[in-house]
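Quick notes on the structure that follows.
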């Protein structure tokens with residue numbers, strides 16, 4: 001497939017939206033139509049073994065379409081948004097060089113925005129001992145004290161932070177400690193370069209949000225039938241699981257395994273937390289004015305595909321395909 005470019009930018013499609021909205025299925029159909037390969041944009045599908053809870057697409061669901069950045073990292077390994085941007089950009093370049101269309105698909109808003117916007121991340125690293133010392137001070141003296149210290153050398157960052165957001169306060173102080181540069185200056189620098197992409201972004205949304213919530217509840221029931229409890233039990237047996245412990249689908253079931261809640265109550269908590277997560281995803285994506293929203297209250301895929309094709313034709317996104 002020949003792709004038009006401007007200023008050597010990489011043409012890229014993206015399919016975003018809330019969990020259980022049908023993103024993966026739409027991305028696969030577009031990949032089949034336009035010679036694409038899918039780059040996952042999901043902060044939990046990167047981990048091995050976490051298959052059912054993270055709704056990783058199965059081989060059957062992939063339909064022979066190449067998928068990248070899925071199932072490659074041990075659950076105990078840490079992975080940052082900077083790591084994601086580096087790997088996803090590399091994959092997009094490789095896919096485009098093969099003459100194929102990169103298609104980013106997922107619901108992790110920070111990963112998506114950072115990649116598409118071409119955010120440049122600092123190589124400052126970290127100082128665990130310094131961070132631990134700040135955490136101890138916060139416990140003893142209160143986060144307000146740290147925030148006041150931050151305000152002395154980076155008042156702009158301090159003005160945007162609440163004492164409850166201790167993690168970001170500490171990160172801002174740590175960055176200054178390591179580099180002598182404020183996090184405010186680093187954030188400005190991170191957006192100083194143009195994005196390497198020419199994107200066309202689709203978002204899946206529901207006119208009646210209850211339809212999405214019904215899909216979420218159904219997916220949870222299907223996950224349980226597929227063996228979610230067994231997967232979660234094996235997951236907890238790994239011990240210290242690091243970043244992956246944030247995965248929805250495991251932490252909500254832990255009280256059941258600990259004998260603190262009956263199974264049905266734990267499952268209801270899982271459904272509720274997944275619905276809350278979907279709301280947070282929509283809040284993030286609705287701020288992005290680049291997104292072409294494809295509305296569906298019908299679980300059928302063909303209407304979504306046709307909406308996407310109509311937008312691509314209107315935008316003259318591809319030619320000679």
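Residue check, residue 245 against (1) at pLDDT 95 or above; (2) surrounded by 13 or more Cβ atoms within 10 Å (Cβ to Cβ), all met but one. Which one?
Exception for residue 245: condition (1).
Residue 58 fails exactly one of the following numbered conditions: (1) surrounded by fewer than 19 Cβ atoms within 10 Å (Cβ to Cβ); (2) without any contact (Cβ under 8 Å) to a residue 40 or more places away in the chain; (3) in contact with a helix residue (DSSP H, G or I) (Cβ under 9 Å, 6 or more places away or on another chain). What is the number of that condition?
With respect to (1) surrounded by fewer than 19 Cβ atoms within 10 Å (Cβ to Cβ); (2) without any contact (Cβ under 8 Å) to a residue 40 or more places away in the chain; (3) in contact with a helix residue (DSSP H, G or I) (Cβ under 9 Å, 6 or more places away or on another chain), residue 58 is out only on (3).
Any residue in the stretch 210-230 that's not assigned by TED's automatic domain parsing to the domain that holds residue 278: show its pairings with residues that are buried (at least 18 other Cβ atoms within 10 Å of the Cβ) at Cβ separation under 7 Å, as long as the two are six or more apart or on different chains.
none
Determine whether the stretch 110-129 contains at least one residue that is touching a residue at least 40 places away in the same chain (Cβ under 8 Å), more than 20 Å from residue 289 (Cα to Cα), over 24 Å from the mean Cα position of the chain (by Cα) and outside any strand (DSSP E or B).
There is at least one residue in the stretch 110-129 that is touching a residue at least 40 places away in the same chain (Cβ under 8 Å), more than 20 Å from residue 289 (Cα to Cα), over 24 Å from the mean Cα position of the chain (by Cα) and outside any strand (DSSP E or B).
Can you tell me which residues in the stretch 272-295 are part of a helix (DSSP H, G or I) and in contact with a strand residue (DSSP E or B) (Cβ under 6 Å, 6 or more places away or on another chain)?
Selection gives 285 alone.
Among the residues of the stretch 13-27, are any within 22 Å of residue 116 (Cα to Cα), within 13 Å of the chain's Cα centre (by Cα) and part of a helix (DSSP H, G or I)?
Within the stretch 13-27, one or more residues are within 22 Å of residue 116 (Cα to Cα), within 13 Å of the chain's Cα centre (by Cα) and part of a helix (DSSP H, G or I).
As an exercise: evaluate residue 128 against (1) surrounded by fewer than 17 Cβ atoms within 10 Å (Cβ to Cβ); (2) farther than 23 Å from residue 187 by Cα and give the number of the one condition it does not meet.
Evaluating residue 128 over (1) surrounded by fewer than 17 Cβ atoms within 10 Å (Cβ to Cβ); (2) farther than 23 Å from residue 187 by Cα leaves (2) as the failure.
Might you check whether a residue that is loosely packed, with under 15 Cβ neighbours inside 10 Å and in contact (Cβ under 8 Å) with a residue 40 or more places away in the chain occurs anywhere in the stretch 135-157?
no
Going by what's in this entry, would residue 260 be described as assigned by TED's automatic domain parsing to the domain that holds residue 14, without any contact (Cβ under 8 Å) to a residue 60 or more places away in the chain, in a helix (DSSP H, G or I) and over 26 Å from residue 58 (Cα atoms)?
no
Restricting to the stretch 69-92, name every residue that is farther than 13 Å from residue 119 by Cβ and assigned to a loop (DSSP other than H, G, I, E, B).
Correct list: 69, 70, 71, 72, 74, 75, 76, 77, 78, 79.
When you check residue 47 against the structure, is it crowded, with 16+ Cβ neighbours inside 10 Å, within 30 Å of residue 239 (Cα to Cα) and modelled with pLDDT under 95, yes or no?
So residue 47 passes the test.
Conditions: (1) within 14 Å of the chain's Cα centre (by Cα); (2) closer than 21 Å to residue 251 by Cβ; (3) surrounded by fewer than 21 Cβ atoms within 10 Å (Cβ to Cβ). Residue 74 meets all but one. Number of the miss?
Every condition holds for residue 74 apart from (1).
Out of 251, 279, I need the residue that is over 19 Å from residue 12 (Cβ atoms), touching a helix residue (DSSP H, G or I) at 6+ places or on another chain (Cβ under 9 Å) and modelled with pLDDT of 95 or more. Which one? If you could, list the steps in order and put the result at the bottom.
Numbers: 251 fails: modelled with pLDDT of 95 or more.
Result: 279 is the single residue among 251, 279 that is over 19 Å from residue 12 (Cβ atoms), touching a helix residue (DSSP H, G or I) at 6+ places or on another chain (Cβ under 9 Å) and modelled with pLDDT of 95 or more.
Answer yes if at least one residue in the stretch 92-103 is surrounded by fewer than 19 Cβ atoms within 10 Å (Cβ to Cβ) and under 25 Å from residue 270 (Cα atoms), and no otherwise.
no
Residues are listed down the side, and each one gets a yes or a no for (1) assigned by TED's automatic domain parsing to the domain that holds residue 282; (2) modelled with pLDDT of 95 or more; (3) in contact with a strand residue (DSSP E or B) (Cβ under 7 Å, 6 or more places away or on another chain); (4) closer than 30 Å to residue 229 by Cβ:
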position: 31; (1), (2), (3), (4): yes, yes, yes, no
position: 95; (1), (2), (3), (4): yes, yes, yes, no
position: 111; (1), (2), (3), (4): yes, yes, no, yes
position: 137; (1), (2), (3), (4): no, no, no, no
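The values are calculated or read from the model by the stated rules, or taken from the named source; none is laboratory data. Source: prediction; values computed, not measured. Please note: Cβ atoms are built from the backbone with ideal geometry, for glycine as well, and neighbour counts cover all protein chains shown.
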